[in-house]
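Everything below concerns the one structure shown next.
The values are calculated or read from the model by the stated rules, or taken from the named source; none is laboratory data. As the structure is a computational prediction, the values presented were derived from the model and not from experiment. Heads up, the Cβs are rebuilt from the backbone with ideal geometry, glycines too, and the neighbour counts pull from every protein chain shown. Side chains are part of the model used for accessible areas, which takes the heavy atoms of the whole protein and leaves out ligands, DNA and RNA. Shrake-Rupley method; radii C 1.70, N 1.55, O 1.52, S 1.80 Å.
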Amino acid sequence: PLYFWDAYRISKSLIANRASADSKEWVITSQDPFETGLVGYWLKKKFGISLQIQIHMDFLSPYFWRESFKNKLRTMLAKFLLPRADGVRVVSERIRKGFGERGLKIADFRIIVLPIYADISRFSSMVPAVDLRKKYASYDFIMITVSRLSREKNVGLAIRAFRLLLRKELPYKSPLLLVVGDGPEGARLTDLAAEFNISDKVIFEGWSDNAISYGKTADLFL
C-alpha cells in the first residue's frame, strides 16, 4: 500500500525542488496505465503538468485480465486513466487498433506508435560470449526462446508446440528447445516438460546476461 504514497512523495519533491520551472515545460511519463499511471494522474491533477502514459502490452487481451483479480482491477484502472492522459504511447499498431475494437475511446491525436528501439548495428558487430553449439554440442538444432517466465508470456505454448514438432519426421536427430529467462512460472513449465517426457530436450537456462550471444549462436529464435 505504501508504494503509491512513496512514488507520489518522491515525484512531488522532485517537482517542488524545481518550482521555478514553468509547468508547461514539464511532462510526466508513466511506464504503464496501472499503478504508475495512477500516481502520474495524481501529479497531473496536483501540478497541472501534462501526463503521458506508456503501454507495452495488450492489457485488453483476455489472457491478461483473466490471469488474476489484480489484473482485472488494473484493466479497469487503465480504462479510467487513459482517456484522461494528454498523450498515450503504444509499442505497436496492433495495440493502437485494439483500443477502438474493444470499446476504449481515446482521441487519435493523443496516441503515438513508438516501438521499442534496438541498436542492431551494435549487436551485429558483437562477438558472442557464449557459443551454444559448443555448450550443447550433443544437439544438432538449437531453438531458443527468451522471456520472463510469467503466465502472460505463455512459454507453455512453445513447449507444447515443440512436443508436436518432435513427433514429426525431422532432418535433425537431436533438436533442443532452450528456455532463457526466469520467473514465477519456472517450476510449472519444468513440470510440463517432464509430463511430456521431453525434459532431456527442453533445457531451462535461467536468467542470463548473454541473451544476444545466444541469439547469435542458436539456429532459431522463437
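Kindly report the accessible area of the chain per residue (heavy atoms of protein chains, probe 1.4 Å, no ligands, DNA or RNA), in Å².
63 Å²
Alpha carbon centre of region 97-128 versus region 1-54: separation in Å?
Cα centroid to Cα centroid, the span is 23 Å.
With only Lys, Arg, Asp and Glu charged, each at its Cβ (+1 for the first two, -1 for the last two), find how big the charge dipole of the chain is about the Cα centre; round to the nearest 20 debye.
700 debye
Out of all Cα-Cα pairs in region 1-118, roughly what percent, to the nearest whole number, are more than 23 Å apart?
32 percent
222 nm [θ] for the chain, helices only, -39500 (n - 2.57) per DSSP H run of 4+, per residue, to 500? Write out the running numbers ahead of the final one.
Numbers: 10 runs with 92 residues, N = 222.
Using -39500 (n - 2.57) per qualifying helix, the result is -12000 deg cm²/dmol.
Which pairs break 29 Å Cα to Cα here: LYS45/LYS153; LYS24/LYS72; LYS44/LYS72; LYS44/LYS97; LYS97/LYS168; LYS135/LYS168?
Values: LYS45/LYS153 35 Å; LYS24/LYS72 34 Å; LYS44/LYS72 24 Å; LYS44/LYS97 26 Å; LYS97/LYS168 37 Å; LYS135/LYS168 26 Å.
Going by Cα-Cα distance, LYS45/LYS153; LYS24/LYS72; LYS97/LYS168 fall outside the 29 Å limit.
Which shape class applies to region 117-165: rounded if a/c is under 1.5, otherwise prolate when a/b exceeds b/c and oblate if not, where a ≥ b ≥ c are the square roots of the Cα gyration tensor eigenvalues?
Verdict is oblate for region 117-165.
Where a ≥ b ≥ c are the square roots of the eigenvalues of the C-alpha gyration tensor, would you call region 1-59 rounded, which needs a/c under 1.5, or, failing that, prolate if a/b is larger than b/c, or oblate?
Oblate shape, in that a/c is at least 1.5 and b/c is the bigger or equal ratio.
Just one of (i) 41, 21, 17; (ii) 31, 22, 15; (iii) 35, 25, 13 is semi-axes √(5λ) of the Cα gyration tensor in Å calculated from these coordinates, so which is it?
(i)
Which value, in Å² and to the nearest 10, is the accessible area of ARG133 when all protein chains are kept and the probe is 1.4 Å?
Accessible area, nearest 10 Å²: 120 Å².
Rounded to a whole number, what % of the accessible area of the chain do carbon and sulfur atoms account for, probe 1.4 Å?
In the chain, the share of accessible area belonging to carbon and sulfur is 56 percent.
Grab the other residues whose beta carbon is less than 15 angstrom from that of GLY183, score K and R as +1, D and E as -1, and report the net.
-2
Could you sort the peptides 184-197, 137-150 by per-residue average Cβ neighbour count (10 Å cutoff), highest mean leading? Let's see the in-between values first.
Details: 184-197: 14.4, 137-150: 17.1.
Output ranking for 184-197, 137-150: 137-150, 184-197.
Cα gyration tensor of region 102-222, axes a ≥ b ≥ c as square roots of the eigenvalues: rounded (a/c below 1.5), prolate (a/b > b/c) or oblate?
Taking the square roots of the gyration eigenvalues as a ≥ b ≥ c, region 102-222 is oblate.
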